[in-house]
Amino acid sequence: WVPAEYVDVVATEPFLGDPVRRGLRREEVIERQAALSKLYDGALESISKVMKKGARCVIIFPVLFERRLPLPPSMGRRFNVIEPWKEAFEPRSKRGGLDYARPGQHVAREIFVLEKK
């Protein structure tokens, strides 16, 4: 248990979904995204409750076969996306995140730095 508005910084890679060892059909990717979207929305809602205003959260979203997880509604309500890497790193996503993947990787990552509103 963590008191409300207690935390200054959060860094997390939530569950990215079950391991992927082969290609997935489009329907499987959509199903995984729907389940993960609910999980991420709930996680960000909970995380925001323990964070101080202006606190930062680094969170990693899965990118399944180049399909990005929809941004959770709680992210827009509770956080601003900030881009500390704006000039320093590539590739950056159009949503303000930083993309990361290894060759042959089925699940890439989109890394966000958020600031609590």
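Our helix-only sum for the chain, with -39,500 (n - 2.57) per DSSP H run of n ≥ 4 divided by its residues, gives a mean residue ellipticity at 222 nm of -8500 deg cm²/dmol.
Within the accessible surface of the chain, defined with a 1.4 Å probe on protein heavy atoms only, the carbon and sulfur portion equals 54 percent. Accessible area of Arg102 (1.4 Å probe, protein heavy atoms only, ligands and nucleic acids ignored): about 130 Å².
Cross-link pairs exceeding 25 Å in C-alpha to C-alpha distance, out of Lys86/Lys116; Lys94/Lys116; Lys38/Lys86; Lys86/Lys117, comprise Lys38/Lys86. Overall, the chain carries a charge dipole of about 180 debye about its Cα centre when +1 sits on the Cβ of Lys and Arg and -1 on the Cβ of Asp and Glu, all other atoms neutral. Compared with the dominant principal axis of the Cα atoms in the chain, helix 26-50 is inclined by about 10°.
Considering every alpha-carbon pair of the chain, the percent of pairs per 10 Å bin, from zero through the bin containing the longest distance, is 13, 44, 32, 11, 1.
Descending by average beta-carbon neighbour count within 10 Å, the peptides 28-38, 87-97 line up as 28-38, 87-97, the highest first. Per the Debye formula on identical point scatterers at the alpha carbon atoms of the stretch 46-106, with no solvent, log10 I(q)/I(0) at q = 0.19, 0.27 Å⁻¹ is -0.85, -1.32.
The values are calculated or read from the model by the stated rules, or taken from the named source; none is laboratory data. Everything numeric here is computed off the predicted structure, so don't read it as measured data. Neighbour counts run over all protein chains shown; Cβ positions are idealised from the backbone, glycine included. These accessible areas exclude ligands, DNA and RNA; they are computed on the full protein's heavy atoms, side chains included. Shrake-Rupley method; radii C 1.70, N 1.55, O 1.52, S 1.80 Å.
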